Amino acid sequence: MELKHIDITRLSVSSLNMRGTKKTCDIANILPSVRARGVLVPLIVREVGAVVVGSGGEDSADGEHAPTYEILAGKRRFHAALAVVEEGGGIEDLPCAVIEPGDDAAALEASLIENIARLDPDEMTRCETFTRLVREGRDVDCIALTFGLTALQVKRTLALGNLVPRLRNLYRADGIDAVSLRHLTMASKAKQKEWLALHDDERATAPTGAWLKSWLFGGASIPVSAALFDLDGYEGEIIADLFGEDRYFACAEVFWTAQMEAIETRAEAYRDAGWNEVVIMARGDAFHAWEHVSCPKSKGGRVYVAIGHRGDVSFHEGFVTTKEARRLERGEALEKAVRPEVSSTVNAYIDLHRHAAVRAKLVEDTSLSLRVMVAHAIVGSGLWAARVEPQKAPSDAVAESVENCLSEALFDARRREVLRLLDLDPDTPTVTASDPDGQGICGLLRRLITLDDVAVLRVLAVVMGETLDVGTGLIELLGAHMGLDMADVWQADDALLDAVRDREIMDHLLADVAGEQVAAENGKATTKVKRGIIRDCLSGSNGRVKRDGWVPRWMAFPASAYTLRGGVVSAERAARIAAADDREIEAEDTDNVEVEAETSADTEADATWPKAA
């Protein structure tokens with residue numbers, strides 16, 4: 001980059017200037033300064049041609065060709081200088097930073113960066129500049145890096161290019177809020193025009209904000225006007241509005257079946273007409289103009305079909321991606337799309353029938369079904385998502401206590417056995433969410449098929465343990481059902497005793513461990529002293545009799561509390577389980593009484609029935 005002072009007559013605004021060549025610019029705030037001191041901040045320019053001059057700037061000579069320059073950034077300063085000249089005042093040659101000619105993308109970047117620093121441009125102007133940068137070969141990530149934005153911010157700005165021109169101008173004039181405008185970027189051109197019609201109608205209210213989003217996408221009602229198919233042959237129900245002329249499809253599922261068939265028919269017609277490819281976009285995906293460049297059919301242009309959530313369909317004829325457009329500019333041919341052997345409808349037909357046949361056969365093979373279920377639980381699928389229990393602890397002391405307990409050691413040993421069965425590294429943290437050979441659920445299922453039922457059940461048991469939800473009634477139910485004795489796998493440690501600071505509760509624990517007499521004798525002692533006595537009793541030190549197998553009421557199965565104060569979640573869950581068991585026993589007793597009554601009645605009837613001779 002070179003700094004020069006250039007005569008104002010050899011400067012003009014570039015078409016690449018972010019603020020454009022036709023737009024008027026506000027110079028009121030800088031004109032007084034330019035009148036008084038001239039232009040102090042250099043304009044960004046590049047050389048475009050030459051003129052014959054008699055005398056001029058520092059780089060010209062009498063009667064020679066002097067270069068001309070186009071202004072990439074500094075339009076407001078340039079027009080302020082012109083205003084001073086028109087007023088009859090003199091103006092010195094303008095300071096300019098001259099960049100190398102040729103790279104339009106670099107010129108656009110320079111224009112936008114400089115202008116953002118001087119005066120934040122409106123979003124529409126920024127969108128137009130970003131779009132031109134994309135056309136020049138800059139990708140979204142490159143633009144984001146250049147301007148210190150995130151890729152998402154750039155995409156949101158580029159999405160404004162999906163708007164019809166009138167909506168853009170309405171936004172520039174503050175006629176629509178930003179939230180509503182962003183919702184409209186996801187709508188089809190037809191839907192945007194429908195919204196504008198409501199906006200222009202004095203008797204109607206155009207939806208905005210969250211209401212607009214619901215109007216565009218959220219409603220289940222699909223208007224009849226969206227149909228591409230003949231309504232005479234439609235088998236579904238159509239609902240008419242008694243107070244208006246609108247009609248709607250009653251069942252969205254029936255509508256979409258007919259609509260997609262019509263789209264496929266239209267796509268087939270495009271292919272028969274010689275179009276290279278017809279791209280049917282996923283429902284709800286918008287066609288972004290900034291990602292595509294117009295291209296005729298003869299050069300490989302495609303037809304893009306955009307489908308809205310409310311049934312509207314738009315066909316964009318003759319487009320390729322910006323990347324492919326650059327290849328065409330270099331003279332490279334696009335690869336001709338291979339026409340698929342079957343349509344998406346036929347593929348869906350094939351998939352659904354094969355799925356029905358497989359599951360009808362699978363339901364008869366319980367052994368294979370078990371293996372398929374285990375594979376789903378481990379790897380997951382589009383319909384399965386098992387998560388490993390994180391065992392999140394409130395403190396490091398609690399985390400260390402759980403990690404080093406006997407129960408965890410026993411479970412980890414079983415996990416390592418299963419990891420070896422599946423040929424996984426024994427140090428793999430979990431069986432769940434592991435992928436033995438990188439082939440996903442199919443690769444894992446092949447391994448499970450080679451294992452016998454006993455081994456598969458061992459795998460299942462570990463996966464169930466890894467995904468068992470902590471702090472639920474299920475833990476209470478399972479522990480009681482299995483007759484689990486916590487004394488077999490747990491011993492009191494400092495993590496628990498140090499966490500208990502309530503004086504009343506410490507008295508109960510002391511009585512539980514050392515006996516009522518010791519608790520009474522030390523009733524006035526501090527909590528710290530009582531905690532020390534409990535430790536001595538549990539370890540059998542300092543002359544205390546060792547207390548083996550002690551488990552606080554909270555941790556036993558079933559759990560209970562020491563007081564009526566509440567707050568013991570394990571005890572509350574145990575109470576709910578016990579209440580459910582009591583109700584079940586009462587129901588069984590009632591059923592037994594009714595059966596006995598019926599049996600007694602039948603016996604009496606048999607006694608009065610005439611006996612055969």
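Every number here is computed from the coordinates shown, using simple stated rules; none is lab data. Bear in mind the structure is a predicted one, so any value in this text is a computation, not a measurement. Positions of Cβ are generated from backbone atoms using ideal geometry, with glycine treated the same way; all protein chains shown enter the neighbour counts.
Structure notes:
- The dipole here belongs to the chain: it is taken about the Cα centre, uses +1 on the Cβ of Lys and Arg and -1 on the Cβ of Asp and Glu, and is about 2280 debye.
- R0 of 51 Å, Cβ-Cβ distance Ala461-Val342: FRET efficiency to nearest 0.05: 0.70
- Ranked list, fewest to most other Cβ atoms within 10 Å of each Cβ, for Thr345, Thr205: Thr205, Thr345
- Listed by chain and number, the lysines whose alpha-carbon sits under 29 Å from that of Lys528, ignoring those within fewer than 8 places in the same chain, are Lys392, Lys546.
- In the chain, helical runs assigned H by DSSP with n ≥ 4 each contribute -39500 (n - 2.57); averaged across all residues and rounded to the nearest 500, the mean residue ellipticity at 222 nm is -15000 deg cm²/dmol.
- Fraction of beta bridges assigned by DSSP in the chain that are antiparallel (%, nearest 5): 75
- Extension gain, Asp139-Arg387: 0.36 nm per intervening residue step, less the Cα-Cα distance, totals 85.6 nm.
- Karplus-derived 3J(HN,Hα), 6.51/-1.76/1.60, for each residue of region 452-460, Hz, glycine and proline x: 7, 4, 4, 5, 5, 5, 5, 4, 4
- In sequence order, calculated HN-Hα J values of region 294-308 (Karplus, 6.51, -1.76, 1.60; Hz; x Gly/Pro): 4, 8, x, 4, 5, 9, x, x, 10, 10, 9, 10, 9, 10, x
- Glu202, Glu253, Glu403 arranged by Cβ crowding within 10 Å, fewest neighbours leading: Glu202, Glu253, Glu403
- Taking the centroid of alpha carbons for each part, region 349-421 and region 241-320 are 42 Å apart.
- Each of the trypsin sites (Lys or Arg not before Pro) that DSSP puts in a loop and that has at most 15 other Cβ atoms within 10 Å breaks the chain; the longest unbroken stretch is 24-202.
- If R0 is taken as 45 Å, the Cβ-Cβ distance between Glu47 and Trp256 corresponds to a FRET efficiency of 0.20.
- Fully extended contour minus Cα-Cα distance, from Asp396 to Ala511, at 0.36 nm per residue: 38.5 nm
- Burial ordering of Leu468, Leu94, Leu383, Leu11, fewest other beta-carbon atoms within 10 Å first: Leu383, Leu468, Leu11, Leu94
- Candidates Pro436, Ser367, Pro32 compared by Cα position along the dipole of the chain: farthest toward the positive end lies Pro32, with charges placed on Cβ.
- Integer Hz, Karplus 6.51/-1.76/1.60 couplings in order for region 341-352, x for Gly and Pro: 5, 10, 7, 5, 5, 5, 4, 5, 4, 4, 4, 5
- Note on region 491-550: with charges restricted to the Cβ of Lys and Arg (+1) and Asp and Glu (-1), its dipole about the Cα centre is near 220 debye.
- For Thr68, distant residues with modelled amide H under 5 Å away: Val48, Gly49, Ala50, Val51
- Calculated log₁₀ intensity ratio I(q)/I(0) where the Debye formula runs over C-alpha points of the chain, q = 0.07 Å⁻¹: -0.86
- Charge context of Gly209, other residues only, Cβ under 11 angstrom, K/R +1, D/E -1: +1
- Charge dipole (the chain, unit charges on Cβ, about Cα centre) - positive-most of Ala206, Ile44, Tyr234: Ile44
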